[in-house]
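Student: Okay, here's the structure, questions in a sec.
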Amino acid sequence: MNVRNRTTRAALALSLALLVAATGCSSKAKGGDGDGAAATAGGVRTGPGVTADTIRLGALTDLTGPYATLGKSIVQAQQLWADQTNARGGICHRKIEIVVKDHGYDVQKAVTAYADLAPDVVALPQVIGSPVVAALLDDIERDQILTFPQAWSASLLGKDAVQVLGTTYDIDTLAAVDYLTRTRHIKKGDRIGHVYFEGDYGDNALQGSTWAAKRAGITVVGQKIQATDTDLTAQVAALARAGVKAVLISAGPAQTASLAGVAAATGLKVPVVTSAPGYAPQLLKTQAAPALVAMVSIVSAAPSLDSGLPGVKAMVAAYTRKYPGSTVDSGVLSGYNAARLMGEDLKKACAAGSLTRAGLVEAHRAQTHLDTGLGTPQDFSDPSRPAALSTYVLKPDPKAAGGTTGVEDAHRAPGVEEYLGQRS
């Protein structure tokens, strides 16, 4: 009888222990704001990617594909920020770790890399490529992983967890048309060309240029190209026959170089305007360099690297020390700024007591005037609007840091708010 009682008591104790364990697991799952949050650590609630001593961030980048140069610059710039942050004690008493996955600009590889990376990170301060981000949108929203694309299509707006930094492609081309009419004598009745990639990038850019041109009484002559088109002789000939007085290009650096070089060689010496993705300082070491310097301007949400802004100067100096021999280009500024912005979001989330994914997204959307000192302030409160509406105008300069120098300080082109109202 005593043996039977002891057995009964042992079974009861085991059952109670299992019940307590099950209840404990259940309470953790329910307390995670939908993202698997764990119990508080140091008074701050945590979730995937955050431990008592580490905040893990992810990067889905291109180190082996067509944007490998950009990917390398962004990865190195964000690692510089992480090292600087950790040297100052980290964020929320935790060290920053960045896990990098190379997708080579292959969407399927990116989907696989995201599946590997997502369970172990709290946010993604870098995802390169509009097609990649588009393929991952549903997963990112489901997982509530705050994501900063290195892509600027307006089609990526409207998602709580996805933040396009700076302006979108259409805002850039709207500013480009304004620049041409103000400074390059493009007037009502003129024609301008627009060479653009097929897909979100080009389509969104064409939307902005078409709207702005109509407002100014100008006609846009479009030339759609593929990412594999690197000889634009046929497109330049078509634009010359159309009698264009200027050309916009929404493509990659190789296409901008071909356009300018062919246009200069064939006598179509008109202003050419691109946005930041369409230019790289490495082009100044090619045969197209004289044409680029003579003809091309760049509209950008970010300043030139020789702008004189104290934050930019400090970043350039630190990057050069850490990566001697590496080119300091717009990707460095873009990547570093994205990391700085993510850092401010993490600090805000920590102060609010939640480093869960949902807590980080909430902290991000509470930022209405976030200024890192690396360009214009950004407003993240409305997911449906670009974070910034002002653009700089730059021009290629082989003697300047980053291969560009400033032409105009950041300003908002007339009609931007009207355009956004009609677009929505």
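Values in this text are rule-based calculations from the coordinates and carry no lab data. Here the structure is a predicted model, which is why all the values come from computation and not from measurement. Neighbour counts run over all protein chains shown; Cβ positions are idealised from the backbone, glycine included.
Student: Rounded to the nearest 10 degrees, what's the angle between the helix 233-242 long axis and the longest principal axis of the chain, both from Cα atoms, 0 to 90?
Tutor: 60
Student: Along the charge dipole of the chain, Cβ charges K/R +1 and D/E -1, which of ALA59, ILE298, ALA263 sits furthest on the positive end?
Tutor: It is ALA59, whose Cα lies furthest towards the positive end.
Student: Please build a GNM for the chain, connecting alpha carbons under 10 Å apart, and tell me which residue among LEU355, LEU333, LEU239 fluctuates the most.
Tutor: Taking springs between Cα atoms under 10 Å, the residue moving most is LEU239.
Student: Just order 53-63, 219-229 by mean Cβ neighbour count inside 10 Å, highest at the front, would you? Please report the intermediate quantities before stating the final value.
Tutor: Details: 53-63: 23.1, 219-229: 16.0.
Top to bottom by mean Cβ count within 10 Å: 53-63, 219-229.
Student: Further question: Quick check: pseudo-label points 7 Å beyond the Cα along Cα→Cβ at LYS313 and ALA366, how many nm apart are they?
Tutor: 3.5
Student: Please label the shape of region 233-309 as rounded, prolate or oblate, based on the square roots a ≥ b ≥ c of the eigenvalues of the alpha-carbon gyration tensor (a/c under 1.5 means rounded; beyond that, a/b larger than b/c means prolate, else oblate).
Tutor: Values: a/c = 2.16, a/b = 1.73, b/c = 1.25.
It is prolate, given that a/c is not under 1.5 and a/b is the larger ratio.
Student: Mind checking the full-extension length gain between ARG184 and THR54? Use 0.36 nm per residue of separation minus the Cα-Cα distance, one decimal, nm.
Tutor: My answer for the length gained is 41.6 nm.
Student: If each DSSP helix of 4+ residues adds -39,500 (n - 2.57) and the sum is divided by the residues in the chain, what number results at 222 nm, nearest 500 deg cm²/dmol? Could the numbers behind the result be given before it?
Tutor: Numbers: 13 runs with 189 residues, N = 424.
When only DSSP H runs of four or more count, the value is -14500 deg cm²/dmol.
Student: Still on this structure, please answer the following. Please list 3J(HN,Hα) in residue order for region 49-62, calculated via the Karplus relation 6.51 cos²θ - 1.76 cosθ + 1.60 where θ = phi - 60°; whole Hz, with x for glycine and proline.
Tutor: x, 10, 10, 5, 10, 9, 10, 9, 10, x, 9, 9, 10, 10
Student: Calculate, in whole percent, how much of the Cα-Cα pair population of region 338-424 lies beyond 17 Å.
Tutor: On the way: 2279 of 3741 pairs.
Value for region 338-424 (Cα pairs over 17 Å): 61 percent.
Student: Okay, moving on. Just to be sure I understand: with springs between alpha-carbon atoms less than 10 Å apart, which residue in ASP116, ASP397, ASP409 has the highest mean-square fluctuation in the Gaussian network model of the chain?
Tutor: Greatest mean-square fluctuation among the candidates belongs to ASP116.
Student: Rounded to whole Å, give me the distance from the Cα center of region 308-328 to that of region 206-276.
Tutor: Taking the Cα centre of each part, region 308-328 and region 206-276 sit 33 Å apart.
Student: Can you tell me which of 283-294, 241-252, 206-217, 166-177 comes out highest on packing, and rank the rest after it, using the mean Cβ neighbours within 10 Å? List each step's numbers first, then the result.
Tutor: On the way: 283-294: 17.8, 241-252: 22.0, 206-217: 20.3, 166-177: 29.2.
The peptides rank, most packed first, as 166-177, 241-252, 206-217, 283-294.
Student: May I pose another question? Assuming a ≥ b ≥ c are the square roots of the Cα gyration tensor eigenvalues, decide whether region 194-275 counts as rounded (a/c under 1.5), prolate (otherwise, with a/b larger than b/c) or oblate. Don't skip to the end; give the middle numbers.
Tutor: Details: a/c = 1.91, a/b = 1.15, b/c = 1.67.
Note, shape of region 194-275 comes out oblate.
Student: For region 118-263, give the magnitude of the charge dipole about the Cα centre (Cβ charges: +1 Lys/Arg, -1 Asp/Glu; no others), in debye to the nearest 20.
Tutor: Details: 12 positive and 15 negative charges, 240 e Å.
Magnitude of the dipole: close to 1160 debye.
Student: Would you list, by chain and number, the lysines whose Cα falls below 25 Å from the Cα of LYS159, excluding same-chain residues fewer than 8 positions away?
Tutor: LYS30, LYS101, LYS109, LYS347, LYS348
Student: Compute the relative contact order of the chain as a whole-number percentage, counting only Cα pairs closer than 8 Å that sit 6 or more residues apart in sequence.
Tutor: Working: 855 pairs, mean separation 70.4, N = 424.
The value is 17 percent.
Student: Go through 359-370, 127-138 and give me the packing order, highest mean Cβ count within 10 Å leading.
Tutor: On the way: 359-370: 19.6, 127-138: 21.4.
Ranked by mean Cβ neighbours within 10 Å, highest first: 127-138, 359-370.
Student: What is the gain in length, in nm to one decimal, between ALA237 and THR112 on full extension, counting 0.36 nm per residue of separation less the C-alpha to C-alpha distance?
Tutor: Details: separation 125, 0.36 × 125 = 45.00 nm, distance 4.23 nm.
Gain in length upon complete extension: 40.8 nm.
Student: So if I place +1 on the C-beta of Lys and Arg and -1 on the C-beta of Asp and Glu, and nothing else carries charge, what would the dipole magnitude of the chain be about its Cα centre? I want it in debye, nearest 20.
Tutor: 500
Student: Shifting gears a bit: For a quick check: with amide H placed at 1.01 Å from N, whose amide H comes under 5 Å from GLN223's, ignoring anything fewer than 5 positions away on the same chain?
Tutor: Close amide H contacts, sequence-distant or interchain: HIS194, VAL195, TYR196.
Student: So, one more: Under the Kirkwood approximation applied to all pairs of distinct alpha-carbon atoms, what is the hydrodynamic radius of the chain in Å?
Tutor: Numbers: mean 1/r = 0.0437 Å⁻¹.
Computed over the chain, the radius equals 22.9 Å.
Student: Sticking with this structure for a sec: Estimate the FRET efficiency between GLN226 and SER384 by the formula 1/(1 + (r/R0)^6), using the beta-carbon distance for r and 30 Å for R0, to the nearest 0.05. Working shown, then result.
Tutor: Values: r = 30 Å, r/R0 = 1.01.
Between GLN226 and SER384 the formula returns 0.50.
Student: Still on this structure: Compute the length gained on full extension between ARG88 and ASP120: take 0.36 nm times their separation in residues and subtract their Cα-Cα distance, giving the result in nm to one decimal. Can you show the working numbers first?
Tutor: Details: separation 32, 0.36 × 32 = 11.52 nm, distance 2.40 nm.
Full extension of this stretch gives 9.1 nm more.
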